[in-house]
Amino acid sequence: MFDSGFGGLTVARATIDLCPDQDLVYFGDAARYPYGTKSSQEVRDHSLQIAAHLRDNYDMKMLVVACNTAAAVALAELRDMLDIPVVAVIEPGVRAAAAVTRSGRVGVIGTVGTVASRAYERAGMELAPTAEWAVAACPGFVEFVERGELEGPQVRLLAERLLAPIREAGVDTLLLGCTHYPYLARTISEVMGRDVVLVSSADETAFEIRDLLIEDRSPGRSGRHTFVSSGDANAFERVGRQLFGRELLGAEEHRWETS
């Protein structure tokens, strides 16, 4: 499982809860975050490099792309590259939002890169063609989460400004189209109002992972959980434990070679 940093820990947490018998390796590319402001080619190159590293160093039977930006631009190439299931977060999130909405008006927020890819509109047209989708980029949210700043006046001010067009669209459901965003759910919910249901793709993605592994389960076994960061491992452990919980006992460090 990989993400640009800490956001994918929401998917890791849900997956471990549903599949406690499975070994999980989480790779956070903290040295090169955020992905949402990078070009599509950069994100694609980073994603393929991480996938190759995981394939070559771990006995990998499934890859989970726990980064919406990476899923939006690199999913097809990752599936071509690997001969194992590759699960991403976009389609499970769209299906969940479509199931929840009462009015058929759904909002989606994501990084600049995810929104520019139009991946959510394409998935929405395919999976929920009768729904209306209002999409907005939220630059800055990821950076707050990566610093461990989940609440406060600055976060609230940014949320009020960025979520204004989604509120004006009159949605009753808001899909958090970045795995970092659930950590800001309290502020986002306060800005959107009680009548708007927030949907995170983390749980739905974990259900899909569980279903794909149904024939490969070992009841009663306790899986091993490995956390790897391309940035400072101590910093990853400190912030990661705040976000994930005390079960994140430590992090390994992997440094990319520079040419």
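The values are calculated or read from the model by the stated rules, or taken from the named source; none is laboratory data. Just so we're clear, the structure is a prediction, and the values are computed from it rather than from any experiment. No Cβ is skipped: glycine too gets one built from the backbone with ideal geometry, and neighbour counts run over all protein chains shown.
Quick one: what pairs do we get from the stretch 189-203, first residue on the phi < 0 side of the Ramachandran plot, second part of a strand (DSSP E or B) and β-branched (Val, Ile, Thr), C-beta under 9 Å, 6+ apart or different chains?
Listed pairs, sorted by first residue: Val196/Thr173; Val197/Thr173; Leu198/Thr173; Val199/Val106; Val199/Thr173.
So that you can scan it fast, the table gives a plain yes or no per residue for (1) closer than 26 Å to Leu63 by Cβ; (2) of a type in the set (Asp, Glu); (3) out of contact with any helix residue (DSSP H, G or I) (no Cβ under 9 Å at 6 or more places or on another chain):
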| residue | (1), (2), (3) |
| --- | --- |
| Leu184 | no, no, no |
| Glu190 | no, yes, no |
| Val196 | no, no, no |
| Ser200 | yes, no, no |
| Thr205 | yes, no, no |
| Gly223 | yes, no, no |
| Phe227 | yes, no, no |
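Is it the case, given these coordinates, that Gly220 is closer than 23 Å to Ala31 by Cα, assigned to a loop (DSSP other than H, G, I, E, B) and either not hydrophobic (A, V, I, L, M, F, W, C) or not assigned by TED's automatic domain parsing to the domain that holds Arg13 (or both)?
Criteria not met by Gly220.
May I ask you to list the residues in the stretch 176-201 that are more than 22 Å from Gly36 (Cα to Cα) and part of a loop (DSSP other than H, G, I, E, B)?
Answer for the stretch 176-201, where residues must be more than 22 Å from Gly36 (Cα to Cα) and part of a loop (DSSP other than H, G, I, E, B): Gly193, Arg194, Asp195, Val196.
Take Arg79 and decide whether it is in the same structural domain as Arg241 (by TED's automatic domain parsing), of a type in the set (D, E, K, R) and in contact with a strand residue (DSSP E or B) (Cβ under 9 Å, 6 or more places away or on another chain).
For Arg79, the condition - in the same structural domain as Arg241 (by TED's automatic domain parsing), of a type in the set (D, E, K, R) and in contact with a strand residue (DSSP E or B) (Cβ under 9 Å, 6 or more places away or on another chain) - is met.
Inspect the stretch 137-157 for any residue being charged (D, E, K, R), surrounded by 15 or more Cβ atoms within 10 Å (Cβ to Cβ), outside the structural domain of Glu42 (by TED's automatic domain parsing) and within 29 Å of Pro20 (Cβ to Cβ) and give the result as yes or no.
Among the residues of the stretch 137-157, at least one is charged (D, E, K, R), surrounded by 15 or more Cβ atoms within 10 Å (Cβ to Cβ), outside the structural domain of Glu42 (by TED's automatic domain parsing) and within 29 Å of Pro20 (Cβ to Cβ), which makes the answer yes.
Just name the residue that is farthest from Glu149 (Cα to Cα) out of those in the stretch 231-259 that are surrounded by fewer than 18 Cβ atoms within 10 Å (Cβ to Cβ) and among the hydrophobic types (A, V, I, L, M, F, W, C).
Trp256
Return a yes/no flag: does the stretch 165-174 have any residue that is surrounded by fewer than 24 Cβ atoms within 10 Å (Cβ to Cβ), within 19 Å of Val112 (Cα to Cα) and either in the same structural domain as Ala235 (by TED's automatic domain parsing) or among the charged types (D, E, K, R) (or both).
Yes.
Could you list, in sequence order, the residues of the stretch 74-117 that are without any contact (Cβ under 8 Å) to a residue 12 or more places away in the chain and outside any helix (DSSP H, G or I)?
Scanning the stretch 74-117 gives a single hit, Asp83.
Being buried (at least 19 other Cβ atoms within 10 Å of the Cβ), out of contact with any helix residue (DSSP H, G or I) (no Cβ under 6 Å at 6 or more places or on another chain), among the aliphatic types (A, V, I, L, M) and part of a helix (DSSP H, G or I) narrows it down to one of Ala12, Ala70, so name that one.
Testing whether each residue is buried (at least 19 other Cβ atoms within 10 Å of the Cβ), out of contact with any helix residue (DSSP H, G or I) (no Cβ under 6 Å at 6 or more places or on another chain), among the aliphatic types (A, V, I, L, M) and part of a helix (DSSP H, G or I) leaves just Ala12.
State yes or no: is Arg44 free of Cβ contacts under 8 Å to residues at least 40 places away in the same chain, crowded, with 17+ Cβ neighbours inside 10 Å and closer than 21 Å to Gly110 by Cα?
yes
Name the residues in the stretch 209-230 that are loosely packed, with under 11 Cβ neighbours inside 10 Å, of a type outside the set (Ser, Thr, Tyr) and in contact (Cβ under 8 Å) with a residue 40 or more places away in the chain, would you?
Pro219, Gly220, Arg224
May I ask you to list the residues in the stretch 223-247 that are assigned to a loop (DSSP other than H, G, I, E, B) and either β-branched (Val, Ile, Thr) or modelled with pLDDT under 90 (or both)?
Gly245, Arg246, Glu247
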